[in-house]
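A.B. asks: Supplied in structure tokens, the structure appears directly below.
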Amino acid sequence: MPGTINTVQSAMPPFEEYVELIRPLWETHWLTNMGTIHEQFRAGLLGYTKADNVALFCNGHHALEVCFEAMGLGTDGRKKVITTPFTFVSTTNAIVRSGLEPVFVDVKPDDYTLDPAKVEEAMDEDVCAIVPVHVYGNLCDDDALEAIAKKWDVPVLYDAAHTFGVTKDGVSSACFGAAAMYSFHATKTFHSVEGGAVFYRDEALATNLRQMKNFGISSKTEVDSISGNAKMSEFHAAMGLLNLKYIEDEIAKRERVAQRYYERLDGVPGLKVTKPNPGIRSNHCYLPVLFQGGFGATRDEVWQSLWAQDVHCSRYFYPTVPEYKCYREKYDASRYPVAIDISRRVLTLPMYGALPLEDVDRVCDAVLGARR
Ligand SMILES: *Cc1c(COP(=O)(O)O)cnc(C)c1O
């Protein structure tokens, strides 16, 4: 009986290297609040991405919330944020929890990112920002989105949670827009167990970002804003710093895994393998495949069949955000037919650097064997 194949497996640096890195903490007792390793990690991230500035957070979700707060979104009365229904619920929750109003716009059928033509139609005087989501390891149409944003004088703030290590024509996704949020959660290609970051363009945001992840504290005796706590600890920064050392290695291994999937599944009737767009170097955070009429089994039949064979896989994203209980009374999901359609047909298959190619073959056999 072959063993379980998981959908993801977190990359781990050598144990001894981690121990060596955290050893000094037993002398300094400085465990969080922007310590030495936190600063090393920050410098490492700027070196790797070539971005201008970065602030670190306890996770990606709070990074996004603090980013909105630091930019003062909504404070001038404009509350609408253009965003996508095809995302992890975190993106929308961050918008709503910040007192802002999501305006869902449908996605493109080819890469599932915000459709610029539909963004254009949704723009008005009440919009204060565009929050697109890079999906799976592909990037949004940044040129078109940023041109619209420029016309309306609003910032583009990317949810780049999936895309650490992704480049377009050699430029890191951290360098796009006014800011880009990353999740360093254990399930992502690059992680610090839990963690997140905001890469940003305008140096003037530094003070707000620093204070607003630390209760709004501005000095020993002063608090400037009613903010929460979203700081990254030294133990998380240490994991991030070491994983950064091995990130290219991890992406190269995932590339091998992806190529094997492409060899086995590309061209199968009724099955679409979603590949990176031209010019994109993907980090292969996920391996999404789409099922169409003519495959011989529905997405849900394949999903069920794989789990029955101990091959774990995800219907990700399914359902779309406006379909969740907390949103469906207010939003009519049928207005986003492309997002709905993709969410019914997409399956993300097991993907991680350490996944043996024999296991990829077992996954592919199971997918193809699900056909009637
Ligand atoms: C993972 C993820 C987040 C949230 O990140 P956390 O670090 O888990 O808080 C937000 N948006 C998207 C698209 C994600 O995939």
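A.B. asks: Out of HIS185, HIS236, HIS191, report the one residue that is assigned to a helix (DSSP H, G or I) and within 16 Å of the ligand (Cβ to nearest atom).
C.D. replies: HIS236
A.B. asks: Among the numbered criteria (1) aliphatic (A, V, I, L, M); (2) in a loop (DSSP other than H, G, I, E, B); (3) buried (at least 24 other Cβ atoms within 10 Å of the Cβ); (4) away from the ligand (no atom under 16 Å from the Cβ), which single criterion is violated by ALA161?
C.D. replies: Answer for ALA161: the failing condition is (4).
A.B. asks: If you don't mind, there's one more thing I want to ask. Of everything in the range 47-73 that's assigned to a loop (DSSP other than H, G, I, E, B) and touching a Ser or Thr at 6+ places or on another chain (Cβ under 7 Å), which residue is surrounded by the fewest Cβ atoms within 10 Å (Cβ to Cβ)? Let's see the steps before the verdict.
C.D. replies: So in the range 47-73, the residues assigned to a loop (DSSP other than H, G, I, E, B) come out as 50-52, 58-59, 71-73.
From the residues that got through so far, the ones that are touching a Ser or Thr at 6+ places or on another chain (Cβ under 7 Å) too are 50-51, 59, 73.
Values: LYS50: 12, ALA51: 21, ASN59: 20, LEU73: 22.
Ranking the qualifying residues of the range 47-73, first place goes to LYS50.
A.B. asks: Moving on. Just to check your reading of the model, which residue among THR92, THR84 is within 16 Å of the ligand (Cβ to nearest atom), under 22 Å from LYS151 (Cβ atoms) and either touching a Cys at 6+ places or on another chain (Cβ under 6 Å) or of a type in the set (S, T, N, Q) (or both)? Steps first, answer last, please.
C.D. replies: Numbers: THR92 fails: under 22 Å from LYS151 (Cβ atoms).
Just a single option satisfies the conditions, and that option is THR84.
A.B. asks: Right, something else. Tell me, please, whether a residue that is in contact (Cβ under 8 Å) with a residue 60 or more places away in the chain, on the phi > 0 side of the Ramachandran plot, within 17 Å of the chain's Cα centre (by Cα) and surrounded by 15 or more Cβ atoms within 10 Å (Cβ to Cβ) can be found in the range 275-295. Step through it out loud before you land on a result.
C.D. replies: The first filter runs over the range 275-295 and keeps only residues in contact (Cβ under 8 Å) with a residue 60 or more places away in the chain, leaving 276-277, 279-289, 295.
Right, trim to on the phi > 0 side of the Ramachandran plot and you get 279, 284.
Remaining after also requiring within 17 Å of the chain's Cα centre (by Cα): 284.
Within this subset, residues satisfying the condition of being surrounded by 15 or more Cβ atoms within 10 Å (Cβ to Cβ) are 284.
Checking the range 275-295: at least one residue is in contact (Cβ under 8 Å) with a residue 60 or more places away in the chain, on the phi > 0 side of the Ramachandran plot, within 17 Å of the chain's Cα centre (by Cα) and surrounded by 15 or more Cβ atoms within 10 Å (Cβ to Cβ).
A.B. asks: Right, something else. Against the conditions (1) in contact with a helix residue (DSSP H, G or I) (Cβ under 6 Å, 6 or more places away or on another chain); (2) crowded, with 24+ Cβ neighbours inside 10 Å; (3) polar (S, T, N, Q), where does SER172 fall short? Just the number, please.
C.D. replies: (2)
A.B. asks: Shifting gears a bit: In the range 302-339, how many are of a type in the set (A, V, I, L, M, F, W, C) and over 30 Å from ASP365 (Cβ atoms)? So that I can check it myself, show each step before the final result.
C.D. replies: Quick first cut of the range 302-339, residues of a type in the set (A, V, I, L, M, F, W, C) only: 302-303, 306-308, 311, 313, 317, 321, 326, 333, 338-339.
Pick out the ones that are also over 30 Å from ASP365 (Cβ atoms) and you get 321, 326, 333, 338-339.
Residues meeting the conditions: 5.
A.B. asks: Looking at this structure, is ASP106 modelled with pLDDT of 95 or more and within 21 Å of GLY72 (Cβ to Cβ)?
C.D. replies: no
A.B. asks: Could you go through the range 141-157 and let me know if any residue there is touching a strand residue (DSSP E or B) at 6+ places or on another chain (Cβ under 7 Å), of a type outside the set (Gly, Ala, Ser) and under 30 Å from PRO13 (Cα atoms).
C.D. replies: Scanning the range 141-157 turns up no residue that is touching a strand residue (DSSP E or B) at 6+ places or on another chain (Cβ under 7 Å), of a type outside the set (Gly, Ala, Ser) and under 30 Å from PRO13 (Cα atoms).
A.B. asks: More than 16 Å from the ligand (Cβ to nearest atom), outside any loop (DSSP other than H, G, I, E, B) and surrounded by 16 or more Cβ atoms within 10 Å (Cβ to Cβ): does that describe ASN243? Please lay out each step first, then the result.
C.D. replies: Working: more than 16 Å from the ligand (Cβ to nearest atom): no; outside any loop (DSSP other than H, G, I, E, B): yes; surrounded by 16 or more Cβ atoms within 10 Å (Cβ to Cβ): yes.
Answer is no for this residue.
A.B. asks: Which numbered condition trips up ASP76, out of (1) touching a strand residue (DSSP E or B) at 6+ places or on another chain (Cβ under 7 Å); (2) under 27 Å from ILE226 (Cα atoms); (3) away from the ligand (no atom under 16 Å from the Cβ)?
C.D. replies: ASP76 satisfies all of (1) touching a strand residue (DSSP E or B) at 6+ places or on another chain (Cβ under 7 Å); (2) under 27 Å from ILE226 (Cα atoms); (3) away from the ligand (no atom under 16 Å from the Cβ) except (1).
A.B. asks: Among the residues that make up the range 9-22, is at least one of them within 14 Å of the ligand (Cβ to nearest atom) and touching a strand residue (DSSP E or B) at 6+ places or on another chain (Cβ under 8 Å)? Give the derivation first.
C.D. replies: Of all residues in the range 9-22, those within 14 Å of the ligand (Cβ to nearest atom) come to 10.
Those still in the list that are touching a strand residue (DSSP E or B) at 6+ places or on another chain (Cβ under 8 Å) too: none.
No, the range 9-22 contains no residue that is within 14 Å of the ligand (Cβ to nearest atom) and touching a strand residue (DSSP E or B) at 6+ places or on another chain (Cβ under 8 Å).
A.B. asks: In addition: Please state which of the following conditions THR221 fails to meet, knowing it meets all the rest: (1) in contact with an Asp or Glu (Cβ under 6 Å, 6 or more places away or on another chain); (2) surrounded by fewer than 24 Cβ atoms within 10 Å (Cβ to Cβ).
C.D. replies: THR221 satisfies every listed condition except (1).
A.B. asks: Quick one: ALA333 ticks every box in (1) under 21 Å from the mean Cα position of the chain (by Cα); (2) surrounded by fewer than 20 Cβ atoms within 10 Å (Cβ to Cβ); (3) among the small types (Gly, Ala, Ser) except a single one, so which number is it?
C.D. replies: (1)
Table: residues versus (1) of a type outside the set (Lys, Arg); (2) assigned to a helix (DSSP H, G or I); (3) without any contact (Cβ under 8 Å) to a residue 24 or more places away in the chain.
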{"residue": "PRO322", "(1), (2), (3)": "yes, yes, no"}
{"residue": "TYR327", "(1), (2), (3)": "yes, yes, no"}
{"residue": "TYR331", "(1), (2), (3)": "yes, no, no"}
{"residue": "ALA339", "(1), (2), (3)": "yes, yes, no"}
{"residue": "SER343", "(1), (2), (3)": "yes, yes, no"}
{"residue": "LEU347", "(1), (2), (3)": "yes, no, no"}
{"residue": "TYR352", "(1), (2), (3)": "yes, no, no"}
{"residue": "GLU358", "(1), (2), (3)": "yes, yes, yes"}
{"residue": "ASP361", "(1), (2), (3)": "yes, yes, no"}
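The values are calculated or read from the model by the stated rules, or taken from the named source; none is laboratory data. Please read all numbers here as calculations on a predicted model, not as lab measurements. Every residue, glycine among them, receives a Cβ derived from its backbone with ideal geometry; neighbour counts consider all protein chains shown.
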